[in-house]
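A short worksheet on the structure shown next.
The values are calculated or read from the model by the stated rules, or taken from the named source; none is laboratory data. Just so it is clear, the model here is predicted, and its values are computed rather than measured. Reconstructed Cβ throughout: ideal geometry from the backbone, glycine too, with neighbour counts over all protein chains shown. Surface areas here come from the heavy atoms of the whole protein model, side chains and all, with no ligands, DNA or RNA. Shrake-Rupley method; radii C 1.70, N 1.55, O 1.52, S 1.80 Å.
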Amino acid sequence: MADDIKAVSTEVVPVDSQRPEAAVIERAAALLRAGELVVFPTETVYGLGGDALREEAARRIFAAKGRPLTDPLIVHIAQVEELERVAAAVPERARRLAEAFWPGPLTLILPRGEQVPRLVTAGLETVAVRMPSHPVAQALIRAAARPIAAPSANRFKHVSPTTAQHALADLNGRVPLILDGGPTPVGVESTVVDLCAEVPRILRPGGTSLEALRQVLPEIEAPQPPRASEPGQSEREEGEAQRAPGQLLVHYSPTVPLCLFEGEDQAQRTAIVAEALRHLKRGERVGILAASEDVEALRPCEESGALVRAPASLEEPEQVAAALFATLRELEAAAVDVILCRSFRPVGLGLAVQDRLRRAAGGWVIRVDPSATAAEEVR
Ligand code: TXA
Ligand code: MG
């Protein structure tokens with residue numbers, strides 16, 4: 001993996017998230033025009049941006065992230081007219097989705113336009129395009145006057161950043177500038193929809209819900225759940241792009257092992273308490289990611305020293321999504337030895353939350369059954 005990057009000093013510059021200051025945007029845009037990288041907020045997560053039409057900028061993105069060249073980048077545009085510049089064809093279905101959901105957390109997979117270097121698409125003849133709604137992202141792309149390739153601004157395989165401080169923790173010394181526009185509102189990455197397949201299909205659930213997409217395209221297929229048997233990066237031939245990019249089971253991992261509980265609510269609580277106390281007895285530090293409805297039941301764990309975080313209610317998948325990555329990073333930073341996590345219903349943005357948590361668990365899922373005496377562990 002390319003890690004031979006020149007160390008730079010990283011500056012974090014505040015920017016108004018609603019009315020970005022022209023001077024700050026111009027400074028960042030000048031870097032992008034010069035082929036340099038800039039970290040900027042979008043409505044989903046922070047992105048690590050570079051000129052999408054310049055191979056050298058794409059190379060810098062892969063190097064700064066430590067990302068293998070087989071994982072393609074998303075190209076960001078500021079207005080629909082720029083679609084023609086990056087895509088070779090725009091099917092009618094794509095137009096309808098763009099009209100309904102852009103600007104916003106939706107990425108469309110389309111035939112690659114000739115101007116987009118193959119490095120950006122990892123050699124694929126398709127390109128991922130999205131038009132973000134965040135005022136800073138919008139202003140920056142317009143000022144740079146070119147499409148901007150931007151993966152999430154985290155080191156490869158780490159949790160995506162939802163604040164400038166998360167991005168700094170991962171990329172300090174690897175990028176010259178981070179625009180700090182505060183926490184990103186959606187909190188999970190964009191939904192990726194493949195429009196090059198016979199039937200349009202979600203490749204990655206995200207900030208635009210399946211339910212909302214189906215109101216525009218009823219035939220759209222739900223994403224395949226991540227599978228533990230998915231071949232790992234190392235098993236792929238060098239230079240071969242991923243068949244379903246970004247679908248590696250371990251893709252959004254916190255650096256701490258995460259155990260995901262699935263099943264009936266009360267059974268989950270009972271199992272989490274038992275598992276937490278087992279770890280605590282061994283002298284380990286335990287972090288728990290729960291819902292506000294769980295707090296009472298988890299009191300014994302808290303009293304025994306577990307760190308319990310319950311950022312939202314089970315009934316508020318959008319709030320769960322908004323807080324998810326920040327909570328995982330907070331528990332990580334608290335140096336816990338294990339994170340025990342409840343599951344959330346796959347409704348609305350809950351589908352993206354479920355997907356990220358299953359990936360973070362990397363197969364360590366405990367399915368609890370209220371009728372069984374012991375939880376069944378699936379590894
Ligand atoms: O919300 C987002 O999408 C954020 C912000 C910064 O815009 N970006 C982001 O980028 O999440 P990244 O690189 O972390 O994830 C891009 C996903 C990956 O799973 C990648 O494999 C997939 O999009 N992708 C990119 N090009 C593709 C293509 N041609 N075909 C299929 N999947 C593609
Ligand atoms: Mg990413």
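Please give the helices (runs of 4 or more DSSP H) falling wholly within segment 293-370 in which 1 or more residues are more than 23 Å from Gly207 (Cα to Cα) and assigned by TED's automatic domain parsing to the domain that holds Gly283.
On the way: elements: 299-303, 317-333, 350-361.
Result: 299-303, 317-333.
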Name the pairs whose Cβ atoms lie under 7 Å apart, with the first residue in segment 125-152 and not assigned by TED's automatic domain parsing to the domain that holds Val193, the second within 9 Å of ligand 1 (Cβ to nearest atom), and 6 or more positions between them or separate chains? none
Looking only at residues in segment 150-160 that are more than 9 Å from ligand 1 (Cβ to nearest atom) and not aromatic (Phe, Trp, Tyr), which one is least open to solvent (accessible area, probe 1.4 Å)? Val159
Restricting segment 280-292 to residues that are buried (at least 20 other Cβ atoms within 10 Å of the Cβ) and outside any loop (DSSP other than H, G, I, E, B), which is farthest from the chain's Cα centre (by Cα)? Val286
Can you find a residue that is under 21 Å from the mean Cα position of the chain (by Cα) and more than 12 Å from ligand 1 (Cβ to nearest atom) anywhere in segment 9-25? yes
Pairs, first not assigned by TED's automatic domain parsing to the domain that holds Gly104 and modelled with pLDDT of 95 or more in segment 67-84, second open to solvent by less than 10 Å² (accessible area, probe 1.4 Å) and not in a helix (DSSP H, G or I), C-beta under 9 Å, six or more apart: none
Going through segment 32-46 in order, the residues found to be surrounded by fewer than 24 Cβ atoms within 10 Å (Cβ to Cβ) and either of a type outside the set (D, E, K, R) or over 14 Å from the mean Cα position of the chain (by Cα) (or both) are Arg33, Ala34, Gly35, Glu36
Can you work out which of the residues in segment 112-137 that are more than 10 Å from ligand 1 (Cβ to nearest atom) and open to solvent by 30 Å² or more (accessible area, probe 1.4 Å) is nearest to Gln215 (Cα to Cα)? Ser133
Selected residue [touching a Cys at 6+ places or on another chain (Cβ under 6 Å) and either within 15 Å of ligand 1 (Cβ to nearest atom) or farther than 17 Å from Ala137 by Cβ (or both)] from Ile74, Ile61, Ile109: Ile109
Options Ala137, Ala128, Ala98; residue that is within 25 Å of Val353 (Cα to Cα), within 16 Å of ligand 2 (Cβ to nearest atom) and either in a helix (DSSP H, G or I) or touching a Lys or Arg at 6+ places or on another chain (Cβ under 6 Å) (or both): Ala137
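Table: residues versus (1) away from ligand 2 (no atom under 16 Å from the Cβ); (2) modelled with pLDDT of 95 or more.
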position: Gly187; (1), (2): no, yes
position: Arg201; (1), (2): yes, yes
position: Arg214; (1), (2): yes, yes
position: Glu219; (1), (2): yes, yes
position: Ala228; (1), (2): yes, no
position: Ser234; (1), (2): yes, no
position: Glu238; (1), (2): yes, no
